[in-house]
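Everything on this sheet refers to the single structure shown next.
The values are calculated or read from the model by the stated rules, or taken from the named source; none is laboratory data. All figures in this text were calculated on a predicted structure; none of them were measured in a lab. Note: ideal-geometry Cβ built from the backbone for every residue, glycine included; neighbour counts use all protein chains shown. For the accessible areas, the whole protein counts, side chains as well, though only heavy atoms, and no ligand, DNA or RNA atoms are used. Shrake-Rupley method; radii C 1.70, N 1.55, O 1.52, S 1.80 Å.
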Amino acid sequence: MHAPDHTQDELDLRQLVKAQTKAWNAHDAAAWTRDFTDDADFINIVGTVFQGRAEIETRHAAIFASIFKTSHAEVTVRKVHFPSADIAVVDTVHEVTGHTGLPPGVQNTKEGLLRTQMRYVLKRSQKQWRIVAGQNTDVKPVLQARALDVVPDLGRPTDTLLLFQLDIVRQGIGSGTEPTLLVHLIFAPATSLA
């Protein structure tokens, strides 16, 4: 038994993503939400759940009228997976520039660039793919600082970057101990991280 051929399905799904990207860049909430089902769920970048296409459209109309009014998105399809013949999972990377602000708790991945990972679950109904669920997650920036600005007595060259890795470890679970914060300092030449 061989796997079904999803070549045309994948082309259709990529076209859906392309149309949605065009709608974002036109700041058109109705067009951006056109392919959601009426009862779809969408979890936005800060974890708020919007239920139904109408609510998803209303929220996007608000951000298109404010912080994303002048934004531009480039969207890359990272992966398309078919758990069954009429179900698809589409993972995309969104790179958004030109925004004038960000929702509380969200920060640019790099200067002037917000990168997010978007996942859609779609169902084929009457030969048309429709989004039944979506989730958008922001990609956090890498925390880096110049070593001599942070720890001036290290005697390291000025082109060395200090990378911080923070781990919260609970020692003695159940013993009532407080979490311990571990800080790992990693030195690397600035040129190796460009």
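Would you pick out the residues in the stretch 29-38 that are among the aromatic types (Phe, Trp, Tyr) and either more than 22 Å from Thr100 (Cα to Cα) or surrounded by fewer than 17 Cβ atoms within 10 Å (Cβ to Cβ) (or both)?
Result: Phe36, single match.
Do you know which residues across the stretch 106-121 are out of contact with any Gly (no Cβ under 9 Å at 6 or more places or on another chain) and either closer than 20 Å to Ala54 by Cβ or open to solvent by 40 Å² or more (accessible area, probe 1.4 Å) (or both)? Steps first, answer last, please.
Taking the stretch 106-121 first, the residues out of contact with any Gly (no Cβ under 9 Å at 6 or more places or on another chain) are 106-111, 113-117.
Matches in the stretch 106-121: Gln107, Asn108, Lys110, Glu111, Arg115, Gln117.
I'm told Ala19 meets every condition in (1) small (Gly, Ala, Ser); (2) assigned to a loop (DSSP other than H, G, I, E, B); (3) more than 16 Å from the chain's Cα centre (by Cα) except one. Can you identify the failing condition by its number?
(2)
Every residue in the stretch 39-88 that is without any contact (Cβ under 8 Å) to a residue 24 or more places away in the chain, open to solvent by less than 70 Å² (accessible area, probe 1.4 Å) and assigned to a strand (DSSP E or B), please.
Passing the criteria: Phe50, Ser84.
How many of the residues making up the stretch 122-138 are farther than 18 Å from Gln20 by Cα and open to solvent by less than 30 Å² (accessible area, probe 1.4 Å)?
Of the residues in that region, 1 qualify.
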